[in-house]
Amino acid sequence: MRSLMQYVLTRTQKLVLVLLALLVLLAGWYVEIYTPIQDRIRAADTAGLEDEMALEQMKASRIKAMQAEIDENRASGAPVVPSYNNFKQELEQLNEVYGRAYEFSFTFSEPEVDGTGVRRNIAVYCEAENYDVAAELMRQILQGPYRSMIHDVSINSMTSALANQMADLKKGRVSLSFNMTYYETTVGADSLEGLPAEETPQEQAGGLANADLSDLQRSDMETAAEAALGE
């Protein structure tokens, strides 16, 4: 017994014992800490991948539905939501329609982005022969080839009226002002130059889920004009 207690380990034996202790600690760390963490990471990666795949499938489905709607509208002659940048064609439509008015001017705002949807807001002013002509000018825009919406309509007579009488909008020259919006989409766009950058990753991930334009309805211009005039 005394010989064992007095036994002195050699340097090599000490190194072997230290290595064995380190191996035991490393094995415990691997089994108790590293392996559970990696299992959780793999599980999280799988869930994230499944979510990403589901999102891509949803986006692809919405793109397919939008393309089908565009094709259907083109076949029926209804207005479509064109790919960005359709500004030149929209300006040509405005000039073609309002070139028939006495005077006209357009004020353009910077395009706004919502997911894959693009809104181009325009303030329009013109002078027309009478109320019916003014309403027809607006109707031609709404029935044109590109999806649009008109709002904030104001029609005022430019003809002097007798005292205690209202001017006849049906007969006299009128001024027409309104705000309108052209709708475009980034789907199929050759370039996004000129569009503001999206603010958050969530907006980018939203895709077509944030740009459902299928429910946009045409406005009844005569009703809108009468409402603006308080008739």
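What follows is calculated from the coordinates using simple rules that are stated; it is not laboratory data. Just so it is clear, the model here is predicted, and its values are computed rather than measured. With ideal geometry, Cβ positions are generated from the backbone for all residues, glycine too; neighbour counts draw on all protein chains shown.
A few points about this structure:
- Residues in the stretch 134-163 that are assigned to a strand (DSSP E or B) and of a type in the set (A, V, I, L, M, F, W, C) were compared, and the one that is farthest from P79 (Cα to Cα) is I155.
- Every residue from the stretch 81-93 that is among the hydrophobic types (A, V, I, L, M, F, W, C) and crowded, with 19+ Cβ neighbours inside 10 Å: V81
- Only one entry in S109, S148, S105 is under 28 Å from the mean Cα position of the chain (by Cα) and in contact (Cβ under 8 Å) with a residue 40 or more places away in the chain, namely S148.
- Condition check for V133: touching a Lys or Arg at 6+ places or on another chain (Cβ under 9 Å), surrounded by 14 or more Cβ atoms within 10 Å (Cβ to Cβ) and closer than 22 Å to S154 by Cβ: yes
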